[in-house]
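Encoded as structure tokens, the structure appears first; notes follow it.
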Amino acid sequence: MNQQHRKGTVAAIALAAALGASHVLAASAVPAQLQGGWVPATAGCDSPVRVQVAASNLTLVNGSDKQPLGGIEMAGPGYFAPGYRGIQAVLITEFDGQQPATMTFNAMEKKGVAQIDFSPVVPGNATAQSKAYNARISQLNLAKRFPLNKVALKKCG
């Protein structure tokens, strides 16, 4: 490794440490191998209840009811405990907002299994932030509209 390359690498590592590795190394596009239709593991691939994952958004589907969620970020390594070496990957929706849904791929370290978790309304409205959060989560009403919360999912197609 030449001196110039070494200085660049050291500078990148210092920047990552200063800003938090999870922000520097997070990606906004969903990797191609994770994109596609995900249905409950116990259902057939023709299930009307599904999660459709694209490069820049996620759409929840229950028959004709559809809810797209954008602002996608793939969590960086700082999402997990230091030293994590597993196979899980995490997608966060509306990253700069209320983050109403989080999807984990290779959930529980099981290859090919995913799980989506819907954010719950939190008790109280003590702050402007909690009021905005609760308003958005209540408005979406994801858990009642889409029977997918904390359900094992498999990829179809």
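Here, each number is a calculation from the coordinates, and none is a lab measurement. For clarity, every value in this text was computed on a predicted model and none was experimentally measured. Here Cβ is always computed from backbone atoms with ideal geometry, including for glycine, and neighbour counts include all displayed protein chains.
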| request: Kindly provide log₁₀ I(q)/I(0) values, in the same order as q = 0.11, 0.16, 0.17, 0.21 Å⁻¹, from the Debye equation applied to equal alpha-carbon scatterers of the stretch 25-156. | output: -0.39, -0.81, -0.91, -1.29
| Nonlocal amide H pairs with ALA41, under 5 Å, H built at 1.01 Å | ALA152, LEU153, LYS154
| said: Using a Förster radius of 22 Å, what is the FRET efficiency between SER56 and ARG85 based on their Cβ-Cβ separation? Nearest 0.05, please. | reply: 0.20
| note | In order over the stretch 44-50: 3J(HN,Hα) from phi, Karplus 6.51/-1.76/1.60, θ = phi - 60°, whole Hz, x for each Gly or Pro, gives x, 5, 8, 4, x, 9, 7
| said: Through the Karplus equation 6.51 cos²θ - 1.76 cosθ + 1.60, θ set to phi - 60°, convert the phi angles of the stretch 66-80 into ³J(HN,Hα) values in whole Hz; use x for Gly and Pro. | reply: 10, 9, x, 10, x, x, 5, 9, 8, 5, x, x, x, 5, 9
| Lys, Arg +1 and Asp, Glu -1 on Cβ, resulting dipole of the stretch 25-156 about Cα centre, debye, nearest 20 | 260 debye
| What are the trypsin sites (Lys or Arg not before Pro) within the stretch 49-143 that DSSP puts in a loop, where the Cβ has at most 16 other Cβ atoms within 10 Å? | ARG85, LYS110, LYS111
| said: For the ranges 71-78, 150-157, what's the packing order if you count other beta-carbon atoms within 10 Å of each residue, average per peptide, and put the highest first? | reply: 71-78, 150-157
| field | Lysine pair number, Cα distance threshold 14 Å (strictly under), the stretch 25-156, separation 8 or more or different chains | value | 5
| said: In whole Hz and in residue order, list the ³J(HN,Hα) couplings for the stretch 82-98 that follow from phi through the Karplus curve 6.51 cos²θ - 1.76 cosθ + 1.60, θ = phi - 60°; x for Gly and Pro. | reply: x, x, 4, 10, x, 10, 5, 9, 10, 10, 10, 8, 6, 3, 8, x, 8
